[in-house]
Each structure stands twice: as C-alpha cells, then as structure tokens.
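**Q** Please read through the structure below; I'll follow up with questions.
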Amino acid sequence: MFDFAAARRARRPSLTPMIDVVFLLLVFFMLAARFGSEGALPLALGGGAGDWTGPPRLVEIAADGVRLNGVATDPAGLAAALEPLVETRADPVVLRATGDADLARLVALMERLSAAGYTNLVLVE
C-alpha cells in the first residue's frame, strides 16, 4: 500500500538570531538615549539655604493656585509680591508643593522666579 518514510525528528529552533536582534536593539537604544541633563534648575534642598534674614517667604504651590505666606497670590505677580519681603534677590525663598500640585506647575513657577532674579530657591516637602 502506502510506504511512508520514517518520521523525522523535529529540529529545535536556533536562538542565535533572536539573541542577535536583542543585542542590536540594546545597542541602538543605548546610542539613541540621552544621558545628559539639558535643563536643570539649581536648588537647595532642605536646610541648605544659609542664614535666614527678614520675614518668612513661604510659597505654597497647589492645584488651585499659589499662596505666599498663606495668602492667595497670582503666579504672574508672585515676583512682585516677594519684593517687599526680601532685602536682595539672593535671599532664600521656600517653595512647598502640596499633594495635589503637579510638577509642571512647580517647574513653571521656579522658572518664573529664576527669570525674575531669585537665585536661592529652597524646595521643601
């Protein structure tokens, strides 16, 4: 009747091509990644603000707005509101973000204060 050849043993697939592809992807992503920080905001964290002089300058950043020493303040006018509280623009200004504030709002406010000349921003928890 029918004469079938003996069943051949199934070959196991080679893993070498897959390992080569993974290695090439690893090299590609390592070369394409950015390792440097392009923009950094200098900060004093915690107690690195130096000697404190003058009235308190606590800026609280929340999702609903900004408060300076507990008083609601317009973010655009924050630099002007800080003027009477500082002797020089190198005096420390304490920034505290509440739990519902987003990082973008904090960074935008820090950039605005840095552009206004405030150099000693202290970020606290």
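**Q** For residues that are closer than 20 Å to ALA101 by Cβ and loosely packed, with under 15 Cβ neighbours inside 10 Å, scanning just the range 46-57, find the one that is modelled with the highest pLDDT. Reasoning before the result, please.
**A** Filtering the range 46-57 for residues closer than 20 Å to ALA101 by Cβ gives 46, 56-57.
Now drop any that are not loosely packed, with under 15 Cβ neighbours inside 10 Å, which leaves 46, 56.
Numbers: GLY46: 56, PRO56: 82.
Taking the candidates together, the pick is PRO56.
**Q** Please indicate, with yes or no, whether at least one residue in the range 81-95 is among the hydrophobic types (A, V, I, L, M, F, W, C), within 16 Å of SER114 (Cβ to Cβ), surrounded by fewer than 17 Cβ atoms within 10 Å (Cβ to Cβ) and in contact with a helix residue (DSSP H, G or I) (Cβ under 9 Å, 6 or more places away or on another chain).
**A** For the range 81-95, residues among the hydrophobic types (A, V, I, L, M, F, W, C), within 16 Å of SER114 (Cβ to Cβ), surrounded by fewer than 17 Cβ atoms within 10 Å (Cβ to Cβ) and in contact with a helix residue (DSSP H, G or I) (Cβ under 9 Å, 6 or more places away or on another chain): absent.
The values are calculated or read from the model by the stated rules, or taken from the named source; none is laboratory data. Note that the coordinates shown come from a computational prediction; the quantities given were computed from them, not determined experimentally. Glycine also receives a Cβ, built like all others from the backbone with ideal geometry; neighbour counts cover every protein chain displayed.
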